1. Has the stretch 151-171 got at least one residue that is part of a loop (DSSP other than H, G, I, E, B), outside the structural domain of L41 (by TED's automatic domain parsing) and modelled with pLDDT under 90?
2. Pairs under 7 Å by beta carbon, first residue among the acidic types (D, E) in the stretch 149-172, partner open to solvent by 50 Å² or more (accessible area, probe 1.4 Å) and in a helix (DSSP H, G or I), six or more apart or different chains?
3. Among the residues of the stretch 20-38, how many are surrounded by 13 or more Cβ atoms within 10 Å (Cβ to Cβ) and of a type outside the set (S, T, Y)?
4. Give me a count of the residues in the stretch 39-53 that are at pLDDT 90 or above and surrounded by 17 or more Cβ atoms within 10 Å (Cβ to Cβ).
5. Cβ contacts < 7 Å: first residue without any contact (Cβ under 8 Å) to a residue 60 or more places away in the chain, restricted to the stretch 47-75; second residue open to solvent by 10 Å² or more (accessible area, probe 1.4 Å) and among the small types (G, A, S), any location; separation 6+ or different chain. Result?
6. Here are some residues: G78, G92, G98, G73. Which one is at pLDDT below 75 and open to solvent by less than 60 Å² (accessible area, probe 1.4 Å)?
7. Within the stretch 133-150, how many residues are part of a helix (DSSP H, G or I) and either open to solvent by 90 Å² or more (accessible area, probe 1.4 Å) or hydroxyl-bearing (S, T, Y) (or both)?
Amino acid sequence: MPTVAEPAPLPVAQARAGAPEAWRVLFRRYQLPLYAYLYELVRHEQTCLDLVQETFIRAVRHLGTLRDDAKFGSWLFGIAHQQCLQHWRKSGREDFVGDDLPDVVAEDDGPDQILIRFEQAVEMRAFIARLSIPQRSVLVLYFLEDFPLEDIARVTGAPLGTVKSRLHHAKRALKKLLEKTS
């Protein structure tokens, strides 16, 4: 039975030493997950791209403060989370609602299935957008980014119990919203 190869360890130490190739590897690994996370929060493509860029700029400047290289991912998402909060404070707004939607088409979908998936995606994004920012953030990190609760606590700067509570309340709120539309 063939074995699945383990992913190569991240070159955090080399990046700390200033190796450009190490930063390219880290950027390729985290660019899309950061974008997906931030997009779910700000719902505006250009703002999201700017925040991803600002996150990596801060990471380059402050990589020396990272104590455990294995925690690079949650550390980077923590920077992104703080960049997002800072952006909202500067703009005086807590929320943005964008019209962009992800591609929801599977290869074997017919036109009717495509329309149904598109409508479901629109509806779910609208429900998620109605959650508070702390609940939305925890929900996205947990379900879309597959972060463990401990890492979400590090990213958001909230105690583990608070993260669990926010996740619970976010799921309950989504359930209520879904029940109202049924």
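The values are calculated or read from the model by the stated rules, or taken from the named source; none is laboratory data. Predicted model only: the values in this text are computed from it and were never measured. With ideal geometry, Cβ positions are generated from the backbone for all residues, glycine too; neighbour counts draw on all protein chains shown. We work out accessible area using only protein heavy atoms, side chains counted, and drop any ligands, DNA or RNA first. Shrake-Rupley method; radii C 1.70, N 1.55, O 1.52, S 1.80 Å.
1. Yes, the conditions are met somewhere in the stretch 151-171.
2. From the stretch 149-172, the pairs are E150/L160.
3. Final tally of qualifying residues: 11.
4. 4
5. That search, which allows pairs on different chains as well, returns D69/A13.
6. G98
7. 5
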